[in-house]
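Take a look at the structure below.
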Amino acid sequence: MTGLLHVESSPAGDRSDSTRVGRVFVDSWRKSHTKQPVATLNLWDTPLPELDSAVLAARAAVETGEKPVGDGAAIWSRLQELARPLLSADRLLISAPMWNFGIPYRLKHYIDCVTQPTLTYRGSPAEGFEGLIPGRPAALILSRGGSYGAGTDREPFDFQRRYLLAWLGFLGFRPVETILVEPVATDPEAVTRADHEARQVAARF
Ligand SMILES: Cc1cc2nc3c(=O)[nH]c(=O)nc-3n(C[C@H](O)[C@H](O)[C@H](O)COP(=O)(O)O)c2cc1C
């Protein structure tokens, strides 16, 4: 098992606000978990397969209790490989910028790849669903140009936080901590403030 998996979803590299705060979190966490391995998954360096008709056929086979065959078998094993780091992490950290009120398409693509029946959840609309990663702690570091905090009139536009909380809850992750890096466009102290909070959350994570 990996002690902590950090999923980086900004393409901005070392200039990224969310990645930088994420790395502060990881460095703090390492100090109190010196023997636990940390893994980083940068989604812009990770090839993600097209979710085309062959993938849907493989998924439909799995949903009916069959094994995917032909091209579908290879694609399914690629999805299993992508989900493995997520399944084998004791704790998950996702750092993400807000893009157009939601998440970057690359992070959505990753979520669509790994959120598959029998891989990370099971069940159906009729029976109900069960996440296969129950009770694992997760943390979100969410950077935004503006402010969307609780109680503000921009809060309803925040599909970034709401979506990620819904997805993590669906797979079973809990509890989930959120650190907001905002409003980076107008407040030069936003990142420093978030760094401070990241250290505090990492210490108890
Ligand atoms: C394509 C794109 C879309 C964005 N959309 C929003 C938005 O809807 N709301 C907002 O407050 N900021 C928006 N921003 C600003 C980023 O969320 C902000 O700069 C964030 O800190 C970037 O994080 P990063 O440096 O980790 O990539 C957008 C930036 C980009 C590049």
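Using only the Cα atoms, what convex hull volume per residue in Å³ does the range 45-139 have?
For the range 45-139, the hull spanned by Cα atoms encloses 130 Å³ per residue.
To make sure I understand, if each residue's beta carbon is the centre and we count other beta carbons within 10 Å, what order do Trp76, Trp167 fall in, fewest to most?
Taking fewest neighbouring Cβ atoms as first place, the list is Trp167, Trp76.
May I ask what percent, to the nearest 5, of DSSP beta bridges between residues of the chain are antiparallel?
Around 20 percent antiparallel, to the nearest 5.
Normalising by the residue count of the chain, find the relative contact order in percent from Cα pairs under 8 Å and 6+ residues apart.
Over the chain, the number comes to 25 percent.
When the Karplus curve 6.51 cos²θ - 1.76 cosθ + 1.60 is applied with θ = phi - 60°, which whole-Hz ³J(HN,Hα) does each residue of the range 188-205 get, with x for Gly and Pro?
For the range 188-205, the Karplus curve yields x, 8, 4, 6, 4, 4, 5, 4, 4, 5, 4, 5, 5, 5, 4, 5, 10, 7 Hz.
How large is the helix-only mean residue ellipticity at 222 nm for the chain, computed as the sum of -39500 (n - 2.57) over DSSP H runs with n ≥ 4, divided by its residue count, in deg cm²/dmol to the nearest 500?
Per the formula, -13000 deg cm²/dmol.
Helix 17-32 sits at what angle to the longest principal axis of the chain, using alpha carbons and giving 0 to 90 degrees rounded to 10?
90 degrees
Can you work out the base-10 log of I(q)/I(0) for the range 4-204 at q = 0.08, 0.15 1/Å, using the Debye formula on its C-alpha atoms alone?
-0.29, -0.95
What is the calculated FRET efficiency for Ala185 to Asp112, with r their C-beta to C-beta distance and R₀ = 45 Å, to the nearest 0.05?
0.95
Which FRET efficiency value, to the nearest 0.05, is calculated for Thr178 and Thr64 with the Förster distance at 30 angstrom and r the Cβ-Cβ distance?
That pair, Thr178 with Thr64, gives E of 0.20.
Within the range 10-35, whose backbone N sits under 13 Å from a point 7 Å along Cα→Cβ of Trp44?
Answer for the range 10-35: 10-20.
For the residues Asp153, Asp27, what sequence is obtained by ranking on other C-beta atoms within 10 Å, fewest first?
Lowest count first: Asp153, Asp27.
Compare the peptides 109-120, 44-55 by average per-residue count of other Cβ atoms within 10 angstrom and give them in order, highest first.
Top of the packing list down: 109-120, 44-55.
Using R₀ = 41 Å, calculate the FRET efficiency as 1/(1 + (r/R₀)^6) where r is the Cβ-Cβ separation of Ala74 and Arg154; round to 0.05.
0.40
Test of understanding: ordering Lys35, Lys67, Lys108 by Cβ neighbours within 10 Å, fewest first, what list do you get?
So the residues, fewest neighbours to most, are Lys35, Lys67, Lys108.
No value in this document is a laboratory result; all are computed from the given coordinates. As the structure is a computational prediction, the values presented were derived from the model and not from experiment. Quick reminder, even Gly has a Cβ in these numbers, built from the backbone with ideal geometry, and neighbours come from all protein chains shown.
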